[in-house]
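*Asks:* Got a structure for you, written out below as structure tokens; questions coming shortly.
Only the coordinates and a few stated rules stand behind these numbers; no lab work does. As the structure is a computational prediction, the values presented were derived from the model and not from experiment. Cβ coordinates were reconstructed from backbone atoms using ideal geometry, including for glycine residues, and neighbour counts include every protein chain displayed.
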Amino acid sequence: MVVIGTPVPRPSVPPTTFGTVEPAVQTWEGCPILVKSRSLVLVKGLSARARWPLRDREGHTVDISDYFPAGVSTSADENSLKVRIMPLGEPTQVRCCTADCEDAANGVISFALPTTVTRKAGIYRMEIGLFNADDEMVFLDSGIVSVDRSLWYATCAQRADVGPPTLQEIRMRIRDTAVENTLLQQTEFDDEEIAYAVVQPILEWNETTPHLRSFVYTPSTFPYRLHWIKAIIGYLLATAVHHYLRNKLQTSHGGLTTDDKNKNKEYGDLANQYLTEWRVFVARKKIELNAGQAYGAVTGPYY
């Protein structure tokens, strides 16, 4: 019995869960999709340790017991697990660290994410390699690291909101939550799809003529946030068009007709609306920036 006015005790969170990030297993109609790309999502400034189950290209659990007979890794092991993380758009900025084997039979490893990653908002590509005693790579797994921006670890000279829009911001703009998707009863876009969509407008900006060397951006530096969000939504909707077009099938049974996947036209029209607005902005802004580079001032000792 709960007495009115008496605080209801809340279950405590085990301390070991703080700062631990794991990839979510995406599902479709209750079935896990093990072959999709996986991601780690964290907030900038969080000191995080990743726990990652290794999987092969078919999504099967990888048994690495032959390389770690004790079931876990120790400093005396000849074999090793190495991690490389690269911010997308910055191929020269590769971060490296080593991982520990927690459960060899199920291929579960863990590693501390470098502060050069956790303190810089952006989208990162991650690769995990298993190396034998001869330092030859015998297995490779990959994924995405999404670091949401926050107010922590920004210097006085930096903008506090630098970095890509957070995944939650995108979901809010398109109202993509499991509770509000009454038909799907789950989110329509998973974290990995949103992370990829975050990167696409940056690639399009950098590859759209004219090429302006001074205005080449990465997901950590792109400044035009409102138009960026619209472009992300456009790319997500364009991705959904392929799903609805591929799975469209009208069925009738007992006088009831079902055609719930017949949405590709509506999604396509909305995607074109968002992407057209984005591309008009890109064209106009690049013309403006290009023209600005053609003018300047010449100074000398007499004026």
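*Asks:* For the chain, what does the helix formula give at 222 nm: sum of -39500 (n - 2.57) over DSSP H segments with n ≥ 4, over the residue count, nearest 500 deg cm²/dmol? Intermediate results must be reported in sequence, preceding the final value.
*Replies:* Values: 5 runs with 81 residues, N = 303.
Helix contribution divided over all residues of the chain: -9000 deg cm²/dmol.
*Asks:* What is the gain in length, in nm to one decimal, between Arg125 and Leu151 on full extension, counting 0.36 nm per residue of separation less the C-alpha to C-alpha distance?
*Replies:* Values: separation 26, 0.36 × 26 = 9.36 nm, distance 2.34 nm.
Full extension of this stretch gives 7.0 nm more.
*Asks:* Net charge near Asp176: determine it from the other residues with C-beta under 12 Å of the C-beta of Asp176, scoring Lys and Arg +1 and Asp and Glu -1. Write out the running numbers ahead of the final one.
*Replies:* Details: positive: Arg171, Arg173, Arg175; negative: Glu169, Glu180, Glu188, Asp190, Asp191, Glu193.
Net of charged neighbours comes to -3.
*Asks:* Hey, could you get me the Stokes-Einstein D for the stretch 167-292, Kirkwood radius over alpha-carbon pairs, 37 °C and 0.692 mPa s, rounded to whole µm² s⁻¹?
*Replies:* Working: Rh = 16.3 Å.
Value of D from the Cα-based Kirkwood radius: 201 µm²/s.
*Asks:* How big is the charge dipole of the stretch 18-148 about its Cα centre, in debye rounded to the nearest 20, if each Lys and Arg gets +1 on its Cβ and each Asp and Glu gets -1 on its Cβ? Show your work: numbers first, answer last.
*Replies:* Working: 13 positive and 18 negative charges, 171 e Å.
Dipole magnitude for the stretch 18-148 comes out near 820 debye.
*Asks:* Still on this structure, I have one more. Give me the distance in nm between label points sitting 7 Å out from Cα along the Cα-to-Cβ direction at Asn132 and Thr20, one decimal.
*Replies:* 3.3 nm
*Asks:* Where the Cα atoms of the chain are projected onto their three principal axes, how long is each span, largest first, in whole Å?
*Replies:* Rounded to whole Å, the extents work out to 77, 74, 56 Å.
*Asks:* Students often check this: by mean Cβ neighbours within 10 Å, which of 101-110, 167-176 ranks highest, and how do the rest follow? Walk me through the intermediate numbers first.
*Replies:* Details: 101-110: 19.0, 167-176: 15.7.
Most protected by this proxy first, the peptides run 101-110, 167-176.
*Asks:* What Kirkwood Rh does the stretch 18-148 have if only Cα atoms enter the pairwise 1/r average? Answer in Å.
*Replies:* For the stretch 18-148, the Kirkwood estimate is 15.2 Å.
*Asks:* Could I ask something else about it? Modelled label-to-label distance, Gln93 and Arg213, 7 Å Cα→beta-carbon offset: nm?
*Replies:* For the pair Gln93/Arg213, the computed spacing is 2.0 nm.
*Asks:* If you don't mind, there's one more thing I want to ask. Could you give the dipole magnitude of the chain about its Cα centre, charging the beta-carbon of Lys and Arg +1 and that of Asp and Glu -1, in debye to the nearest 20? Can you show the working numbers first?
*Replies:* Working: 31 positive and 35 negative charges, 304 e Å.
My answer is approximately 1460 debye.
*Asks:* What nm distance separates the two modelled labels at Arg246 and Asn290, each placed 7 Å from Cα along Cα→Cβ?
*Replies:* So the label points at Arg246 and Asn290 sit 3.7 nm apart.
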